[in-house]
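The structure appears below as structure tokens.
The values are calculated or read from the model by the stated rules, or taken from the named source; none is laboratory data. Not measured: the values here are computed from a predicted model. In case anyone asks, the SASA skips ligands and DNA or RNA and just uses the protein heavy atoms, side chains included. Shrake-Rupley method; radii C 1.70, N 1.55, O 1.52, S 1.80 Å.
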Amino acid sequence: MSDEQLVQLLQARADAKNQRDFTTTDTIRMQLAQYGVNIIDSRAAGGMGSWSSTDGRRYVSRPPRCVSNI
């Protein structure tokens with residue numbers, strides 16, 4: 001999965017979460033899991049939480065962006 005695809009899915013999931021569309025958030029979470037991306041949700045309003053992937057990319061701050069382990 002490219003960085004662009006990953007960011008698009010993460011943003012779509014964040015938007016759905018903010019709209020309280022949990023069916024969509026769960027669907028996107030499952031799609032991301034198929035690519036080795038693990039989501040840890042934030043309890044804060046509007047917070048995205050964090051994510052990490054099996055290829056070393058991770059998410060630490062908002063808005064979603066890709067960070068390599070380099």
Protein chains only, probe 1.4 Å: how do Tyr35, Tyr59 rank by accessible area, largest first?
-> Tyr35, Tyr59
When every protein chain stays in place and a 1.4 Å probe is rolled, Val7, Val37 sorted by accessible area with the largest first are Val7, Val37
